[in-house]
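Notes for the one structure printed next.
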Amino acid sequence: MKSSGFIRSSFIDYFVNKHGHKNIKSSSVVSLCDRTVPFVNAGMNQFKGIFLGLANAPCTRVVNSQKCVRVGGKHNDLDLVGTDGHHHTFFEMLGNWSFNNYYKKEACQMAWDLLLGPYRMKPESLLVTYFSGDAVIGLQEDKECRDIWKKIGVPQNRLKGHGARDNFWEMGPSGPCGPCTEIHYIHPDGSRTEIWNLVFIQCNREVDGSVTALRHHHVDTGLGLERLAALLQGVPSNYDTDLFRPLIKTIEKSAKVPVYEGRFGEGAELDTSYRRLADHARLLAICLADGALPSTKSVYIFHIRELIAKEREAKLIIEQEKENYTKLRADLAKKWKNLAKRYPEVEALSDIEISGFALGYEEFKETMTKINSKVIPGDLVFKMYDTHGFQEDVIERIAKLNNMEIDKKEFWKLLTNHKLRHKTAFKEQTSKNGIKFDKAVEKLAESGIRHTNDLPKYDFMYSDNKVTFRPLKTKLVGILNEDGEWLDFSEPCENRPYYLVTESTNFYCEEGGQAADDGVVQIRENIGFNVHSVFKIRGIIFHKGEFSLKSADNIYVSIGLDVSMAINREKRLSTMRNHTGVHLLNAAVRKVLPDSVISQTGSSVTDRGLSLSLSIYGEKLSPRAVEDAQELISSSISANVPILSRTLSTTELSGEADILTVPGEVYPETGLRMVSCPQPLASKELCCGTHVPSTGELQSLLVTSVRAMGSRSPTIYALTGSAAMQARELFCRVQKLTEVIELAEPSRVDEEVAIIRHQLKDLCGSSGTPAGDYHRSLQLMDHLKKTAANRNDAALLDIARTEIDEACSEAQRSGRRFTVHFLRCSYLMRSDAARSVLAGRGSADPHNSWGPVMLIGCAGGVVIATAKVPQELVTSSFTADKWLSCILPIFEATVLPPTEQFSTLTHAEMSATKVSLINCEQMVQDAMRVAIKYAQAHLKDDERKTDIRHN
């Protein structure tokens with residue numbers, strides 16, 4: 001029996017040793033440079049750029065065994081998995097390629113010789129198909145291929161022609177394609193299995209659906225390892241080969257169900273489940289090993305290693321996802337029940353497990369009801385896909401269920417444009433000027449300008465530890481006014497925005513998480529252009545800003561003028577520091593959490609700071625880990641090691657290890673920039689951003705806050721350069737305040753703390769929860785403020801008690817047997833201190849002997865009140881709580897419950913009530929009048945007569 005290992009190695013050896021091919025190892029299943037597919041779904045994916053002429057081939061003849069995943073899009077085998085013996089979500093594709101070298105004749109002969117030679121297959125067991133033409137796409141029968149097979153010796157009854165559906169191969173809705181010829185194995189029962197597909201790449205499917213010819217012709221073949229192994233091992237299905245039997249045996253040991261019997265069709269549900277589980281286990285293991293974490297469609301790319309190297313990480317992720325999946329199922333069950341009540345037809349889609357399905361389906365139904373159409377518009381399809389997370393096959397099932405069609409052409413147009421745009425460009429294009437921007441791009445293309453050369457954005461001079469940026473001399477090639485209208489010549493207005501396009505630019509446009517530059521374009525000696533934002537549309541960079549005129553002489557601008565472009569040095573340098581800081585922070589977090597699986601999910605870089613968003617499986621981010629990461633970065637800054645950059649093509653990436661990429665980012669085939677930093681904190685990332693020449697240029701890095709610390713998806717915020725150093729100086733000022741707190745005036749301490757807090761907030765922002773030194777400084781300032789307040793309150797307490805004593809004495813001297821008083825110094829106190837003195841807590845009560853007393857205070861906009869009645873004066877109608885209750889309606893307050901220490905008969909407190917400072921004084925006066933009248937009316941007769949006489 002020929003093992004799968006023998007089949008793979010003999011295939012590669014055949015093409016390397018006998019036909020001069022170079023063995024190129026498999027790429028990751030996560031697509032790095034192709035935005036049209038979520039996963040690598042064919043052996044040719046990693047060579048797509050070569051077919052399109054975007055990248056150079058590593059050599060003209062290549063062979064490999066490529067890992068492939070098909071779970072969505074055009075090539076989706078998910079529903080067939082387990083129901084037959086040869087479809088899989090993950091499979092291995094053996095293939096040989098010719099890049100503008102040999103073509104159909106040689107490719108067919110090589111394939112035939114390998115099958116009949118090393119693999120010992122019989123020609124009478126094989127059937128060959130070829131492309132018979134297709135009128136819709138305008139291609140004729142591939143007679144050349146037909147005649148080649150005849151010359152090789154394939155008889156007429158074993159040679160069949162088929163149309164585009166079977167013999168025209170396309171990788172996706174757009175991209176390289178061409179006619180193909182397939183070799184099938186004929187089983188004794190007459191059924192057949194496709195084992196080898198030879199594709200002749202000679203066309204390209206455009207986004208609009210048209211098919212155009214390529215400059216060069218290539219060969220791309222694919223032979224499924226799993227299917228060939230089943231044939232050569234003489235077993236009835238792929239699941240009986242040495243690739244699957246160990247998995248099925250393991251499932252048999254773990255599952256409490258009958259053993260696998262290999263049955264298909266009706267009544268074979270258990271065996272189908274065995275096959276699906278075995279298939280999906282392979283898929284999951286390979287995808288996790290290649291870095292496709294569940295939280296993202298594509299994440300940072302691991303260099304290809306043996307699968308066993310990622311066993312621990314895979315188990316960690318699977319366990320956590322199992323918990324998440326259980327929660328998702330419970331939540332979906334509730335939503336599904338409610339959805340089915342409104343739309344009973346969704347029962348047919350009960351196998352779909354998308355968290356946003358209910359909301360998305362409701363929006364779909366409501367929208368289609370309003371427009372009353374049988375065609376789902378492209379923009380709605382795009383929203384279902386992009387906003388609600390519906391895969392294309394799910395959308396197609398929804399359309400079929402509702403007897404509708406999908407406007408796929410418009411959907412793919414929107415999807416392609418969305419992936420080509422960055423934020424600013426998207427905002428500009430969604431405005432009324434969007435169409436005019438597109439026309440401007442087309443007009444530039446007609447004049448030979450298809451893209452703006454922005455490589456000068458990476459240029460700078462570094463000498464004497466100083467970074468300088470030279471102005472760029474270039475030509476003005478496009479002018480648009482604020483309405484997006486093209487201008488060949490203009491007398492500019494200073495107070496209106498314009499858009500300039502130059503042949504080259506040193507301005508960085510917003511992309512890769514990094515903010516755009518600003519600066520000045522000098523057009524003439526007396527005409528400048530202040531750039532405020534920079535964005536890219538279809539390769540053309542637009543500079544938005546306003547003109548600045550120094551004199552009225554020669555005021556005009558026109559296409560073709562030489563201009564000088566100068567960026568804002570300080571802003572760019574700060575941005576460069578922060579972008580390098582993101583890379584170092586990314587590397588540092590991984591180093592302090594070595595047992596976790598970490599993926600970058602986003603970042604933001606401006607001149608004011610940086611943020612890094614992560615997805616973490618395993619040990620989560622903690623305050624200690626954050627500070628350890630910061631220390632590692634400080635060591636790298638102190639070492640002042642160089643930041644290096646190299647430009648690579650996708651084919652050169654295979655020789656690089658441990659390169660990180662931004663999740664969801666699609667990279668170009670050529671011109672990839674790899675930014676790396678050596679030890680003590682090694683970092684290596686693909687990045688289009690700008691960076692400082694060495695780590696020492698960062699000067700300092702300070703983590704200021706973390707959002708969702710300890711969760712699976714934290715975001716870290718940090719500062720570098722002068723901003724970080726300013727923050728550290730403010731921390732020192734806080735520390736010095738603690739040393740002089742006993743000597744400083746409380747008001748001076750309050751003022752200083754307020755200033756520092758404001759400056760820190762301006763530097764550190766308000767995103768996330770303060771962390772590290774910033775957090776400790778905020779805590780220290782709270783302590784300082786409280787200490788100063790306590791010192792201030794101690795002095796005010798004495799003043800307050802004196803004021804109360806004087807008020808009670810005055811009442812006694814005037815012949816009044818009760819006191820109602822508003823504590824004036826309460827305005828200067830904190831509410832808790834004012835409350836304490838009014839209630840007489842914390843010391844001997846100085847006004848216990850003064851008879852009935854009601855005190856009112858207002859501190860910080862909060863009104864408080866207390867009432868006391870000596871026990872000997874308590875009656876059924878005159879108690880502390882009843883007296884206090886008479887003023888409650890004025891403040892809409894309540895009496896606090898009694899305490900163990902006091903009875904409400906003799907001691908009552910009003911709940912603290914916030915009032916408007918504008919109305920406070922009037923409310924207090926009203927309350928005092930009511931309190932006086934109540935006391936006058938309810939004290940004992942003899943007391944009342946005295947009070948009436950003296951009041």
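The values are calculated or read from the model by the stated rules, or taken from the named source; none is laboratory data. Note that the coordinates shown come from a computational prediction; the quantities given were computed from them, not determined experimentally. All Cβ positions, glycine included, derive from the backbone under ideal geometry; neighbour counts span all protein chains shown. Side chains included, ligands, DNA and RNA excluded: accessible areas come from the protein's heavy atoms. Shrake-Rupley method; radii C 1.70, N 1.55, O 1.52, S 1.80 Å.
Among the residues in region 942-951, are any surrounded by fewer than 13 Cβ atoms within 10 Å (Cβ to Cβ) and at pLDDT 85 or above? Checking region 942-951: not a single residue is surrounded by fewer than 13 Cβ atoms within 10 Å (Cβ to Cβ) and at pLDDT 85 or above.
If we only count strands (runs of 3 or more DSSP E) wholly inside region 442-518, which ones have 1 or more residues that are surrounded by 18 or more Cβ atoms within 10 Å (Cβ to Cβ)? Before the answer, list the steps.
Working: elements: 461-463, 466-468, 472-480, 497-502.
Because the criterion is at least 1 residues that are surrounded by 18 or more Cβ atoms within 10 Å (Cβ to Cβ), the strands (runs of 3 or more DSSP E) in region 442-518 that meet it are 472-480, 497-502.
Can you name the residue in region 586-604 that is out of contact with any Ser or Thr (no Cβ under 6 Å at 6 or more places or on another chain) and of a type in the set (Val, Ile, Thr) and is also farthest from ASP762 (Cα to Cα) among such residues?
From region 586-604, those out of contact with any Ser or Thr (no Cβ under 6 Å at 6 or more places or on another chain) are 586, 588-598, 600, 603; that's our starting set.
Now narrow it down to the ones that are of a type in the set (Val, Ile, Thr): 589, 592, 597-598.
On the way: VAL589: 26, VAL592: 30, VAL597: 34, ILE598: 31 Å.
In this case the residue turns out to be VAL597.
Taking region 332-359 as the range and being under 28 Å from LYS409 (Cβ atoms) and either not assigned by the TED database to the domain that holds LYS413 or not in a helix (DSSP H, G or I) (or both) as the test, the residues that pass are TYR343, ILE352, ILE354, GLY356.
Can we say ILE616 is open to solvent by less than 20 Å² (accessible area, probe 1.4 Å) and aliphatic (A, V, I, L, M)? Against the criterion (open to solvent by less than 20 Å² (accessible area, probe 1.4 Å) and aliphatic (A, V, I, L, M)), ILE616 qualifies.
Restricting attention to region 327-371, the residues being under 18 Å from LEU401 (Cβ atoms), touching a Gly at 6+ places or on another chain (Cβ under 9 Å) and either at pLDDT below 75 or of a type in the set (Phe, Trp, Tyr) (or both) number 1.
If only one of VAL219, VAL257, VAL207 is open to solvent by 60 Å² or more (accessible area, probe 1.4 Å), in contact with a helix residue (DSSP H, G or I) (Cβ under 6 Å, 6 or more places away or on another chain) and in the same structural domain as ARG146 (by the TED database), which one is it? Testing whether each residue is open to solvent by 60 Å² or more (accessible area, probe 1.4 Å), in contact with a helix residue (DSSP H, G or I) (Cβ under 6 Å, 6 or more places away or on another chain) and in the same structural domain as ARG146 (by the TED database) leaves just VAL207.
Only one entry of ALA931, ALA893 meets the criterion of being of a type in the set (A, V, I, L, M, F, W, C), modelled with pLDDT of 85 or more, surrounded by 19 or more Cβ atoms within 10 Å (Cβ to Cβ) and part of a helix (DSSP H, G or I), and that entry is ALA931. Within region 89-101, the set of residues being open to solvent by 10 Å² or more (accessible area, probe 1.4 Å) and in a loop (DSSP other than H, G, I, E, B) comprises ASN100, ASN101. Of all residues in region 794-816, those satisfying the criterion of being in contact (Cβ under 8 Å) with a residue 12 or more places away in the chain and acidic (Asp, Glu) are GLU803, ASP805.
I'd like the residue in region 396-441 that is among the aliphatic types (A, V, I, L, M), farther than 20 Å from GLU206 by Cα and at pLDDT below 80 and, out of all such residues, is least open to solvent (accessible area, probe 1.4 Å). Working first, answer last.
First, the residues of region 396-441 that are among the aliphatic types (A, V, I, L, M): 398-399, 401, 404, 406, 414-415, 420, 425, 435, 440-441.
Checking which are farther than 20 Å from GLU206 by Cα leaves us with 398-399, 401, 404, 425, 435, 440.
Applying the additional criterion that residues be at pLDDT below 80 yields 425, 435.
Details: ALA425: 0, ILE435: 118 Å².
Across region 396-441, the extreme among qualifying residues is ALA425.
The residues in region 650-672 that are at pLDDT 70 or above and either open to solvent by 50 Å² or more (accessible area, probe 1.4 Å) or in a loop (DSSP other than H, G, I, E, B) (or both) can be counted, and the count is 7. Counting residues in region 911-924 that are within 25 Å of TYR827 (Cβ to Cβ) and crowded, with 21+ Cβ neighbours inside 10 Å gives zero.
Pick from THR866, THR875: which is out of contact with any Cys (no Cβ under 8 Å at 6 or more places or on another chain) and part of a loop (DSSP other than H, G, I, E, B)?
Working: THR866 fails: part of a loop (DSSP other than H, G, I, E, B).
When all the criteria are applied, what remains is THR875.
Among the criteria (1) part of a loop (DSSP other than H, G, I, E, B); (2) open to solvent by 40 Å² or more (accessible area, probe 1.4 Å); (3) at pLDDT below 80, the one GLN679 does not fulfil is (3). Yes or no: GLU752 assigned to a helix (DSSP H, G or I), surrounded by fewer than 16 Cβ atoms within 10 Å (Cβ to Cβ) and not assigned by the TED database to the domain that holds ILE932? Spelling it out, it is not the case that GLU752 is assigned to a helix (DSSP H, G or I), surrounded by fewer than 16 Cβ atoms within 10 Å (Cβ to Cβ) and not assigned by the TED database to the domain that holds ILE932. Is there a residue in region 572-581 that is modelled with pLDDT of 95 or more, in contact with a helix residue (DSSP H, G or I) (Cβ under 6 Å, 6 or more places away or on another chain) and among the basic types (Lys, Arg)? Within region 572-581, one or more residues are modelled with pLDDT of 95 or more, in contact with a helix residue (DSSP H, G or I) (Cβ under 6 Å, 6 or more places away or on another chain) and among the basic types (Lys, Arg).
Selection within region 821-833: residues that are at pLDDT 75 or above and in a helix (DSSP H, G or I). The member of this set that is most open to solvent (accessible area, probe 1.4 Å) is ARG824. Among the residues of region 9-33, the ones that are modelled with pLDDT of 90 or more and either farther than 10 Å from VAL63 by Cβ or in a loop (DSSP other than H, G, I, E, B) (or both) come to 6 in all. Residues in region 252-286 that are touching a residue at least 60 places away in the same chain (Cβ under 8 Å) and small (Gly, Ala, Ser): SER273 alone. The criterion of being open to solvent by 10 Å² or more (accessible area, probe 1.4 Å) and either of a type in the set (S, T, N, Q) or in contact with a helix residue (DSSP H, G or I) (Cβ under 8 Å, 6 or more places away or on another chain) (or both) holds for PHE264. Considering only region 360-387, how many residues are open to solvent by 50 Å² or more (accessible area, probe 1.4 Å) and not in a helix (DSSP H, G or I)? Going through region 360-387 one residue at a time, the tally reaches 4.
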